[in-house]
Amino acid sequence: MWTWLSRMFRSSSAAERAEAEGRIEDAARLYVDHGDRAEAVRVYLRAAETARTLEDRRAYYTRAYGLGRTDDLRDAARKGLAMVTLAEAEAAAPRSDEDRRRLQESAEDLERLGAWRDAGRAYALLEDREAVVRVLTLAGDVDALERVTGTRDEADRKGLRRRGALEGFDALWRSGDRVKALRDLGAWVAANSDDHEARGAYDARSATVLREGRCELDVDGQRVLVVGRFPVSLGREADVVLRGASVSRRHCTLEVADGAFVLRDGGSRAGTTLAGVPIAAPLRLAAESLVGLGSDLALRVHAGADATQLTLEVERGMDRGRRITLVARRYALPIGSMRFEAEGPVVSPAAPVSLNGQKVAVEFTLVRGDRVEVPGHTLTVL
């Protein structure tokens, strides 16, 4: 065991020395031997950025792509390869069908990866005017659009800016960056109060944002209300709505204090009980307990060892079987994990997912109506 650990440590140290000395191939090989392919990819990507010739850059990016095991790493290498192909085409215009095919693939990669201005340069070399207009619109580059379209009239300029605002908003929204999408479109609406279509789009999408610190999910057919903001009230007209003849409007509250979930009665008419005993002061919840809201509603409590997650299940009452999960930090999902921010629940996918049919590999903000899929699992926001 110690021999193996010692060998691994020496391999890691040797890789760092080789990298510092500029021995790229040795460093990458040693990182792979150490079991750290991501570091080997990083070495190749960094070497490609500083390589003196396009040939060397392509070689390093190709090696990085071959070693990459995550979409983020492979996309970084693929973008680098696309930029090399673009630089080669700008140095010598593509002549053969194979040259044009490679440049077309590079343009599409750059567009997919959000490098819209670079994609526009590639499409321009291919003389694909429609594609150039499309990507420059997404980039919001009105000056470049003017040069491509010959637009000079102020009304036409405004039309181009409007198109860029709406199409950019749609692209950001579909990618999961709902915060930036709304911020950018909101700026356009604020400056163009007569654009009722844009205002309607902004209002409709804003209405789906989950800023209340909670969201109702269907995870593989199981419905659960997830709450990530404290304190949280329970009752007929509370943060978590629970029905029952003896349930008050804001019957009780749950909060996180000193590393535990704490239950507090909210001055309810019928009282709150813990394990059948009425509570008169705030009480810490045990790992397994039964909370009563009046006489006709009981919640079975399942808590972890620390105050990070707590699940309530309605054991007796009108909503029997309903599940509510309270999370202090992150909520584990089959697709990754979720945390609550001011602008809504943010998902960190463990691997690329399908968000409403579009592939997404980075963090994204959930909104009502979203459907997230990976092989074997489906999450829907209700």
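The values are calculated or read from the model by the stated rules, or taken from the named source; none is laboratory data. Every value quoted in this text rests on a predicted model; they were computed, and no experiment measured them. Note that we place each Cβ from the backbone using ideal geometry, even for glycine, and neighbour counts take in every protein chain shown.
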Taking the condition loosely packed, with under 15 Cβ neighbours inside 10 Å and either in contact (Cβ under 8 Å) with a residue 24 or more places away in the chain or not in a helix (DSSP H, G or I) (or both), does Gly22 pass?
yes
Is it true that Ala40 is surrounded by 14 or more Cβ atoms within 10 Å (Cβ to Cβ), without any contact (Cβ under 8 Å) to a residue 24 or more places away in the chain and farther than 26 Å from Ala139 by Cα?
no
Report, by residue number, each residue of the range 244-268 that is touching an Asp or Glu at 6+ places or on another chain (Cβ under 9 Å) and aliphatic (A, V, I, L, M).
Ala245, Val247, Ala260, Val262, Leu263
Answer yes if at least one residue in the range 176-187 is aliphatic (A, V, I, L, M), closer than 26 Å to Val232 by Cα, under 24 Å from the mean Cα position of the chain (by Cα) and not assigned by TED's automatic domain parsing to the domain that holds Leu254, and no otherwise.
yes
Unmet criterion (only one of (1) modelled with pLDDT under 95; (2) assigned to a strand (DSSP E or B)) for Val362:
(2)
Those residues of the range 47-61 which are part of a helix (DSSP H, G or I) and either surrounded by 15 or more Cβ atoms within 10 Å (Cβ to Cβ) or touching an Asp or Glu at 6+ places or on another chain (Cβ under 7 Å) (or both) amount to Ala47, Ala48, Leu54, Asp56, Arg57, Arg58, Ala59, Tyr60, Tyr61
Condition test on Tyr31, is it over 26 Å from Ser348 (Cβ atoms) and either in a helix (DSSP H, G or I) or touching a residue at least 60 places away in the same chain (Cβ under 8 Å) (or both)?
no
Just for the range 202-227: of the residues that are in a loop (DSSP other than H, G, I, E, B) and in contact with a Ser or Thr (Cβ under 9 Å, 6 or more places away or on another chain), which one is surrounded by the most Cβ atoms within 10 Å (Cβ to Cβ)?
Leu210
I'm trying to understand the selection: among the residues of the range 231-247, which are among the acidic types (Asp, Glu) and surrounded by fewer than 16 Cβ atoms within 10 Å (Cβ to Cβ)?
Glu237
Taking the range 286-309 and keeping only residues that are under 39 Å from the mean Cα position of the chain (by Cα) and under 20 Å from Val241 (Cα atoms), one is left with Leu290, Val291, Gly292, Leu293, Leu297, Ala298, Leu299, Arg300, Val301, His302, Gln309
Scope the range 314-359; condition part of a strand (DSSP E or B), more than 21 Å from Leu172 (Cα to Cα) and touching a residue at least 60 places away in the same chain (Cβ under 8 Å); matching residues
Val314, Arg323, Ile324, Thr325, Leu326, Val327, Tyr331, Leu333
Arg199: crowded, with 16+ Cβ neighbours inside 10 Å and in contact with a Cys (Cβ under 8 Å, 6 or more places away or on another chain), yes or no?
no
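Condition check ((1) closer than 28 Å to Val346 by Cα; (2) among the aliphatic types (A, V, I, L, M); (3) modelled with pLDDT under 95) across all residues:
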position	(1), (2), (3)
Glu105	no, no, no
Leu138	yes, yes, yes
Val148	no, yes, yes
Ala171	yes, yes, yes
